[in-house]
Amino acid sequence: MRRDVFQAIADPTRREIISLIAHQSLTPNLVADKFNMSRQAISKHMQILTECGLLTLNIQGREYYYSIQPKKLNEVYEWLEPLRELWDKRFNQLDQLLENKTTPKNQKL
Amino acid sequence: MTTKKRTMVTKDMANKKLFTVREFDAPREKVWEYWTKSSLLDLWWAPKPWKAMTKSMDFREGGLWFYCMAGPEGEQHCARLDYLTIDPGNSFTAQDSFCDEAGNKNADFSDVHWANRFYTTPTGTRVEVEMTFKDEADIAKILEMGFEGGFTMAHGNLDELLAK
């Protein structure tokens, strides 16, 4: 399975976890309390988020806290770039065709 | 000598919309043809090294463009654009969806609504593509598909064409 920001945000529960932890660092139990879902399920989502690099686990005394990785989160906001590149490539190809004056005559329109 | 134009993409997450805007140095009628005739779409729709191949085209309200994009390693993604409204030369709206090689929609992806508008400018044509998603996760899924397709990898395409 792919482990990147897109995998991380593809699931609505994971997106909710991200916004919770973006506000403040939380222990796994505090996160699980917010959801009507088994602790195992939440724990699995947190594990995926950690593997995707969006969360880090810190130990403070006897407690484990999850905190957000702001730099990684930024990639979420930059997710448009690949789409822009796709359209850009497409449109550059179209430019080349539009510039080539012979193409339309050869095409049955 | 034409300068390379910038493709602008902006988002409106509250309304799950993405806007793409691009200018072309060509008259609106010509740009419109390239967007609506399958023989012309096949020439530019797939980012190289991918190739778009039309399976069927019926450009009218209620009709659809069914095509596949073939990758350099023989991989293939098929999609269909179901046309909703057409205002010839000015705009058209459509539902964009991934499908199998028989044209059946892929249930893992929800449709994306497209509104494409064409405007005459002093230097040519401005094209605006407005995509509306059902869910933000759909945007992520489509981007992921794009990554798999290697759409973002080959940057050299334009240079290659210019060198010819």
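The values are calculated or read from the model by the stated rules, or taken from the named source; none is laboratory data. On a predicted model such as this, the values are computed, not experimentally measured, just so you know. All Cβ positions, even for glycine, are placed from backbone atoms using ideal geometry, and neighbour counts span all protein chains on display. Accessible surface is based on the protein model in full, side chains and every heavy atom, while ligands, DNA and RNA are left aside. Shrake-Rupley method; radii C 1.70, N 1.55, O 1.52, S 1.80 Å.
Evaluating 6.51 cos²θ - 1.76 cosθ + 1.60 at θ = phi - 60° for every residue in the range B:120-133, the Karplus couplings come out as 7, 10, x, 9, x, 9, 10, 10, 10, 10, 10, 10, 10, 9 Hz, glycine and proline recorded as x. Rolling a 1.4 Å probe over the protein chains gives A:L98 an accessible area of about 10 Å². Across all directions, the average flat footprint of the convex hull enclosing the Cα atoms of the range A:5-78 is 4.6 nm².
Taking label points 7 Å from Cα along the Cα-to-Cβ direction, A:N36 and B:N15 give a separation of 3.2 nm. Taking Lys and Arg as +1 and Asp and Glu as -1, the other residues whose beta-carbon sits under 10 Å from that of B:G89 total -2.
Quick check: the distance between the Cα centres of the range B:62-120 and the range A:49-64, to the nearest angstrom? So the two Cα centres are separated by 42 Å.
Pairs exceeding 31 Å between alpha-carbon atoms, taken from A:K44/A:K89; B:K51/B:K105; B:K16/B:K48; A:K89/B:K37; A:K71/B:K17; A:K34/B:K105: A:K44/A:K89; A:K34/B:K105. Our coupling estimate for the range A:19-30, obtained by passing each phi through the Karplus curve with A = 6.51, B = -1.76, C = 1.60 and θ = phi - 60°, is 5, 4, 6, 5, 6, 7, 5, 9, 7, x, 5, 4 Hz, Gly and Pro reported as x.
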